[in-house]
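The next block holds one structure in the form of structure tokens; read it before the comments.
The values are calculated or read from the model by the stated rules, or taken from the named source; none is laboratory data. The shown structure was predicted, so the numbers you read here are calculated from the model rather than taken from an experiment. Because the Cβ atoms are built from the backbone with ideal geometry, glycine has one as well, and the counts that use them run over all protein chains shown. Each accessible area value is taken on the protein alone, full model and side chains, heavy atoms only, with ligands, DNA and RNA left out. Shrake-Rupley method; radii C 1.70, N 1.55, O 1.52, S 1.80 Å.
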Amino acid sequence: MASKLQAVRGMNDLLPAVTPRWHAVEQCLRAVMERHGFAEVRLPLLEPTELFARTIGEVTDIVEKEMYTFLDRNGDSLTLRPEGTAGAVRAGIEHGLFQGQLLRWWYQGPMFRHERPQRGRYRQFHQIGAECFGSPAPELDAELIAMTARFWSELGLGGLRLELNSLGSREARAVYRERLQDYLRGHFDLLDEDSRRRLDSNPLRILDSKNPALSELIAGAPSLPDHLDAASREHFDRLCELLDDLKVTYTVNPRLVRGLDYYGRTVFEWVTDALGAQGTVCAGGRYDALVEQLGGRPTPAIGFALGVERLIELLAVSGIDPVQPRRMWYVVSTPGPCRAQALRLAQDLRAGDDAPTVLVDHAGGNFGKQMQRADKAGADVALILGEEELAEGTVTVRLLRASEPTQRRVPRDAVIATVARLASEEAS
Ligand code: ATP
Ligand code: MG
């Protein structure tokens, strides 16, 4: 016996029982982003490994230990994308799109990180994200953050909290970095292995540690906002003002740093207590230096990404079903020439955007059996084609969810109107 083949650990199959929920969420968010002028980009899942090392940063969880990296048949090092920003920046530079005008991009799709699989943390997971290129204005930060706030309100989700911070300028961070190092060196014995390693290379990342044993130490660390440069302070104050004005509620979290190196100034996360340890649903920030750092024209930018699995889980634990019920009609027919009629009827009824789902019974058997399947499929209308209907050019329309059995035999071209009339009679 061959051994059973299974999906790669941490990589999930999304089966028909769940995909309607995914579609509903994706459609909702896409509509909100379109209303804000964002256009979709679809970029490769594979990029040169160097791209991620140079953007995300060598001393980060992602680049140090989470990437799926391999040599292809030419011996080139490629990596399955762990996030979407690096590829977006690469594409913008490659196509010469950073010319000073404002670009609003969004993307969605799978990301890959070799993490320990657990609730809300997978090795293939999905993000929906957006990137804006071409403006340093705090108004843009505010608009983008307000857009994410609108996601939750349109989905009917309460209980997500917005945390906000500013990382300041590169120079201000350098000063802060030394202060932080001094503090942490003074408590070297309390640091875990990861933090000791990062103490020299990337001490800010220690603030982002998930290790609860470090939380007290981190709480006592010098505060990043106390070290902000004047321009970043002004940017941040203005952003707070604008969010107040837009009635987007936030809390300033001076420890919020984000796990990627490219951020500066604004960083934010949407967090919930309803998902256990993996409580960050959406995260983003400014990365004004990144485009230039990768060889493009200086182009200030800000973006975010949200974890679709976490968002869908949050909807589930909040008791929200985003799926709009679809009307479903089910065609049952007697064997023989009625079958072709059934196909043709279904074909006609499916025309147009607002057409219902129309299923044709293909398993056969008597009407009783077929009606049982109609019921099981969740149909609300059965359309019956027997010998008599075939001879007359009619169809019997039966409402399956009506309080009393309701059916009418009507000409084929009156089916749609008849269903509508019976349904409204039933409703009244
Ligand atoms: P975390 O701190 O939870 O590891 P992160 O800072 O690594 O998150 P980002 O790189 O900012 O995450 O990605 C943005 C969002 O993508 C996260 O807020 C989260 O919702 C989602 N996400 C990140 N990694 C995973 C994963 N392994 N599985 C599922 N969702 C994830
Ligand atoms: Mg992570």
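Brief remarks follow.
- Screening Gln6, Gln27 for residues that are open to solvent by 70 Å² or more (accessible area, probe 1.4 Å) and under 30 Å from Arg150 (Cα atoms) leaves exactly one candidate, Gln27.
- Looking only at residues in segment 169-191 that are small (Gly, Ala, Ser) and part of a helix (DSSP H, G or I), the one that is nearest to Arg286 (Cα to Cα) is Ala172.
- For segment 113-135, a residue qualifies if it is more than 9 Å from ligand 1 (Cβ to nearest atom), buried (at least 17 other Cβ atoms within 10 Å of the Cβ) and not β-branched (Val, Ile, Thr), and the qualifying residues are Ala130, Glu131, Cys132, Phe133, Gly134, Ser135.
- Of the criteria (1) in a helix (DSSP H, G or I); (2) closer than 14 Å to Val332 by Cβ; (3) of a type outside the set (A, V, I, L, M, F, W, C), which one Gly364 fails: (1)
- Considering only residues in segment 298-321 that are in contact with a Leu (Cβ under 9 Å, 6 or more places away or on another chain), of a type outside the set (Phe, Trp, Tyr) and part of a strand (DSSP E or B), the one that is nearest to ligand 2 (Cβ to nearest atom) turns out to be Leu306.
- All told, Glu388 falls short of being open to solvent by 90 Å² or more (accessible area, probe 1.4 Å), outside any helix (DSSP H, G or I) and not β-branched (Val, Ile, Thr).
- Hits in segment 247-283 - residues which are under 16 Å from Arg170 (Cα atoms), away from ligand 1 (no atom under 11 Å from the Cβ) and not in a loop (DSSP other than H, G, I, E, B): Thr266
- Residue in segment 98-111 that is part of a strand (DSSP E or B), under 29 Å from Pro203 (Cβ atoms) and within 16 Å of ligand 2 (Cβ to nearest atom) present: yes
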